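Novice: Mind looking over this structure? Questions follow.
The values are calculated or read from the model by the stated rules, or taken from the named source; none is laboratory data. Keep in mind that what you see is a predicted model, and the values were worked out from it rather than measured. Cβ sites come from the backbone with ideal geometry, for glycine too, and all protein chains shown count toward neighbours. Accessible surface areas use protein heavy atoms only, side chains included; no ligands, DNA or RNA. Shrake-Rupley method; radii C 1.70, N 1.55, O 1.52, S 1.80 Å.
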Amino acid sequence: MRTSSHFQPGCISDEAEKGAKQIEEETKNAAAATGEKSKEVADKVKQETPGIIQNMKDTYEESEKKVKDNTLQKGDRAKVQKESYLALTPEAYDELYQLIELNDIEGIDKIVNDEQVKQVKQDSEVQILEREIRRTKVKMMDSGDEGYLPTSLLDPVK
């Protein structure tokens with residue numbers, strides 16, 4: 001028959017109970033510390049939020065003003081910033097930019113020779129006919145040709 005003093009049922013449950021209480025206490029402390037830290041973060045956010053919101057409002061207002069100042073509208077005049085190609089149709093515009101992305105010089109030469117696009121000199125003046133986000137339909141002031149240029153290539157004439 002075996003007798004072992006360190007395997008007495010009462011001792012195991014006391015040890016387990018102490019361990020459980022210790023874990024419970026540590027969990028409460030961790031939760032309290034986490035709660036305190038969350039409160040600190042929340043308080044900091046509450047303090048900083050009005051300033052951040054004002055910054056965002058200021059930025060939006062500045063952006064809207066810049067957009068109004070720089071937005072070309074139908075009837076406005078603009079200058080072409082760089083030498084470029086005027087696509088005579090929306091389809092030619094799309095094809096031109098696909099060829100540009102592929103760096104397909106032969107393809108670009110072909111649509112130039114087919115008179116789907118025309119070369120435009122830097123500083124040429126245009127009148128805005130229709131404005132889209134990426135492209136703008138313009139009328140060339142020198143030739144009277146109508147077509148599409150990238151909106152980003154146009155500067156308002158003041």
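Novice: Please enumerate the residues belonging to the range 59-92 that are part of a loop (DSSP other than H, G, I, E, B) and either of a type in the set (D, E, K, R) or modelled with pLDDT under 65 (or both).
Specialist: Once the filter is applied, which keeps residues that are part of a loop (DSSP other than H, G, I, E, B) and either of a type in the set (D, E, K, R) or modelled with pLDDT under 65 (or both), the range 59-92 yields K74, D76, K82, E83.
Novice: Then there's this: Can you tell me which residue among V117, V112, V157 is β-branched (V, I, T) and touching a residue at least 60 places away in the same chain (Cβ under 8 Å)?
Specialist: Going through V117, V112, V157 in turn, the sole match is V157.
Novice: Okay, next question. Which condition breaks for K137 when tested against (1) charged (D, E, K, R); (2) at pLDDT 85 or above; (3) out of contact with any Gly (no Cβ under 8 Å at 6 or more places or on another chain)?
Specialist: Result: K137 fails condition (3) only.
Novice: Filter the range 129-158 down to residues that are more than 10 Å from L86 (Cα to Cα), assigned to a strand (DSSP E or B) and aliphatic (A, V, I, L, M), then give me how many there are.
Specialist: 2
Novice: Can you pull out the residues in the range 144-158 that are open to solvent by less than 70 Å² (accessible area, probe 1.4 Å) and of a type in the set (S, T, Y)?
Specialist: Across the range 144-158, the qualifying residues are Y148, T151.
Novice: Quick check on my filter: what residues within the range 97-137 are over 30 Å from the mean Cα position of the chain (by Cα), farther than 24 Å from R77 by Cα and open to solvent by 70 Å² or more (accessible area, probe 1.4 Å)?
Specialist: If the condition is that a residue be over 30 Å from the mean Cα position of the chain (by Cα), farther than 24 Å from R77 by Cα and open to solvent by 70 Å² or more (accessible area, probe 1.4 Å), then I105, E106, D109, K110, N113, D114, E115 are the ones that fit.
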